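Working notes, beginning with the structure itself.
Just so it is clear, none of the values below were taken in a lab; they were calculated from the coordinates. This is a predicted model, so every value here is computed, not measured. Glycine gets a Cβ as well: all are built from the backbone with ideal geometry, and neighbour counts include every protein chain shown.
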Amino acid sequence: MTTAVCPGSFDPFTLGHLDVVRRARAIADDVVVAVGTNAGKSALLTPEQRVALVRGALDDAGLEDVRVVAFPGLLVDLCRELGATLVVKGLRGGGDLDAELPMALMNRHLGGVETVFVAADPALGHVASSLVKDVARYGGAIDDMVPPGVGDAVRAALAPTADENGKDAR
Ligand code: PNS
């Protein structure tokens, strides 16, 4: 049995991520979505929120047999723990390859884990978590780029607190 891991920060999980997980499920017998921390990015959503949103999206998509875990450390340590031999990631273009190739080589160096890249659905080639957050930050529509429930969570996380509005938060 081949266990594959689909890792990412998923801040937030998008329809592009969902497409990659669905395709990983066609490649491997067992798929685990791994919600990690990219040290180079500061997250909008907490790990708990991201795990819950991924879980909801997978259940809605009929992917109940795909597990979701949060991992605080190295991806290769999680792969060893799960007995996973494969990492599956999507590539939208050359920029993604530039970012992903060093990670794939590092994971192979550290843990002998192979990475398989799937070509992103061209219809979702513009869908990136960072852009989704940027659009939402300025009041743009994001609900057709993310699974149900994700848009509300992003908007709530971006909403200014009473403090930031200059009002008394108490
Ligand atoms: O969605 P992202 O930003 O492409 O996800 C990147 C992530 C979280 C998968 C990557 O940064 C990661 O694996 N972080 C865990 C730490 C680690 O294993 N680093 C060394 C190999 S890149």
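Structure above, values below:
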| item | result |
| --- | --- |
| Residue match in region 2-11 (condition: without any contact (Cβ under 8 Å) to a residue 24 or more places away in the chain and either buried (at least 24 other Cβ atoms within 10 Å of the Cβ) or polar (S, T, N, Q) (or both)) | no |
| Positions within region 1-15 being within 11 Å of the ligand (Cβ to nearest atom) and either part of a helix (DSSP H, G or I) or over 25 Å from Arg155 (Cα atoms) (or both), in sequence order | Val5, Cys6 |
| Evaluation of Thr161 against (1) part of a loop (DSSP other than H, G, I, E, B); (2) closer than 13 Å to Gly16 by Cα; (3) not hydrophobic (A, V, I, L, M, F, W, C) (one fails), failing number | (2) |
| Which numbered condition Met106 misses (of (1) within 11 Å of the ligand (Cβ to nearest atom); (2) of a type outside the set (S, T, N, Q); (3) under 16 Å from the mean Cα position of the chain (by Cα); (4) surrounded by 14 or more Cβ atoms within 10 Å (Cβ to Cβ)) | (3) |
| Residue in region 29-47 that is more than 10 Å from the ligand (Cβ to nearest atom), free of Cβ contacts under 8 Å to residues at least 12 places away in the same chain and on the phi < 0 side of the Ramachandran plot present | yes |
| Residue that is closer than 15 Å to Cys79 by Cα and either touching a Cys at 6+ places or on another chain (Cβ under 9 Å) or among the polar types (S, T, N, Q) (or both), where the choices are Ala34, Ala4, Ala28 | Ala34 |
| Qualifying positions in region 11-44 - charged (D, E, K, R) and under 12 Å from the mean Cα position of the chain (by Cα) | Asp11, Asp19 |
| Among the candidates Arg108, Arg80, Arg155, residue that is without any contact (Cβ under 8 Å) to a residue 40 or more places away in the chain, out of contact with any Lys or Arg (no Cβ under 8 Å at 6 or more places or on another chain) and under 25 Å from Gln49 (Cβ atoms) | Arg155 |
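One line per residue, one yes/no per condition, for (1) among the β-branched types (Val, Ile, Thr); (2) surrounded by fewer than 21 Cβ atoms within 10 Å (Cβ to Cβ); (3) closer than 21 Å to Pro147 by Cβ:
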site	(1), (2), (3)
Ser42	no, yes, no
Asp60	no, yes, yes
Leu63	no, yes, yes
Asp77	no, yes, no
Thr85	yes, yes, no
Gly93	no, yes, no
Glu114	no, yes, no
